[in-house]
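The values are calculated or read from the model by the stated rules, or taken from the named source; none is laboratory data. Keep in mind that what you see is a predicted model, and the values were worked out from it rather than measured. Neighbour counts run over all protein chains shown; Cβ positions are idealised from the backbone, glycine included.
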Amino acid sequence: MPVKKLHHVVYRCNDAKETADFYVNLLELKYAIAVSEDNVPSTGEAMPYFHLFLEMGDGSHVAFFEVPSCPPMQKDPNTPEWVQHLALEVESMDELERMKKNLVDAGVDLIGPTDHGFCQSIYFFDPNGHRLELTYQNADEAMMEKLRSTAKPMLNEWNKSKTTQHHASWVHENAQPAE
């Protein structure tokens, strides 16, 4: 497989400093790199920007552009709020609970933990309105193999019918709606 790992994913932010503070202080990412220019290197377009990179434990990054000369960003009105989100993995359930406490103590509204059968997750929004998920994967290899084995048949059937496919619904059999 030629793709090794995520290098970075990029979102727009309203305020670079507020965004950096949120991700560094509450999610404990490392403020790693900043670039600011008057022209976009890939297009040559005149557009002053500030581009910041926040490093995760595996060396990948979450990055943001503050582009003050553009109109304010907007959410896609045709996409449910819960669909577009960034999920970040933590090492343990204890770590997930610790992060939840830090976020709640900082006044961040959140949902969860939600039991997805193969992982536990909390959901919340960053200062820019981007939905985030912190997750702890608690599945064993047998569970993950069972999920992998149904992925292709589910996609093929979904593609033909556009109806719900229940091959993996067992992962949520005992799930309760999050608080």
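In this structure, does LEU6 turn out to be closer than 23 Å to GLY107 by Cβ, out of contact with any strand residue (DSSP E or B) (no Cβ under 6 Å at 6 or more places or on another chain) and assigned to a loop (DSSP other than H, G, I, E, B)?
For LEU6, the condition - closer than 23 Å to GLY107 by Cβ, out of contact with any strand residue (DSSP E or B) (no Cβ under 6 Å at 6 or more places or on another chain) and assigned to a loop (DSSP other than H, G, I, E, B) - is not met.
For PRO48, state whether it is out of contact with any helix residue (DSSP H, G or I) (no Cβ under 7 Å at 6 or more places or on another chain), modelled with pLDDT under 95 and not aliphatic (A, V, I, L, M).
no
Every residue, every condition in (1) buried (at least 16 other Cβ atoms within 10 Å of the Cβ); (2) in a helix (DSSP H, G or I), yes or no:
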residue: LEU103; (1), (2): yes, yes
residue: GLN120; (1), (2): yes, no
residue: TYR123; (1), (2): yes, no
residue: GLY129; (1), (2): no, no
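Considering only the range 1-46, state which residues are acidic (Asp, Glu) and either in contact with a Phe, Trp or Tyr (Cβ under 7 Å, 6 or more places away or on another chain) or at positive phi (or both).
Once the filter is applied, which keeps residues that are acidic (Asp, Glu) and either in contact with a Phe, Trp or Tyr (Cβ under 7 Å, 6 or more places away or on another chain) or at positive phi (or both), the range 1-46 yields GLU28, GLU37.
Among (1) surrounded by fewer than 16 Cβ atoms within 10 Å (Cβ to Cβ); (2) under 14 Å from the mean Cα position of the chain (by Cα), where does THR135 come up short?
Looking at each condition in turn, THR135 falls short on (1).
Are there any pairs, at least 6 apart or on different chains, whose C-beta atoms fall under 8 Å, with the first in the range 50-78 and within 17 Å of ASN128 (Cβ to Cβ) and the second among the β-branched types (Val, Ile, Thr) and buried (at least 19 other Cβ atoms within 10 Å of the Cβ), and if so, which?
So the pair list comes out as LEU52/THR19; PHE53/VAL62; LEU54/VAL62; PHE64/THR19; GLU66/THR19.
Would you tally the residues in the range 145-176 being at pLDDT below 85, of a type in the set (A, V, I, L, M, F, W, C) and either in a loop (DSSP other than H, G, I, E, B) or more than 23 Å from the chain's Cα centre (by Cα) (or both)?
Final tally of qualifying residues: 2.
Can you say whether PHE64 is buried (at least 17 other Cβ atoms within 10 Å of the Cβ), in contact with a Ser or Thr (Cβ under 6 Å, 6 or more places away or on another chain) and more than 28 Å from GLN137 (Cβ to Cβ), as far as the supplied structure shows?
Against the criterion (buried (at least 17 other Cβ atoms within 10 Å of the Cβ), in contact with a Ser or Thr (Cβ under 6 Å, 6 or more places away or on another chain) and more than 28 Å from GLN137 (Cβ to Cβ)), PHE64 does not qualify.
Exactly one condition in (1) more than 17 Å from ASP126 (Cα to Cα); (2) not assigned by TED's automatic domain parsing to the domain that holds ASN138 is false for MET93; which is it?
Condition (2) is where MET93 drops out.
Hey, any hits in the range 117-125 for a residue that's modelled with pLDDT of 95 or more, closer than 22 Å to GLN84 by Cβ and among the aliphatic types (A, V, I, L, M)?
yes
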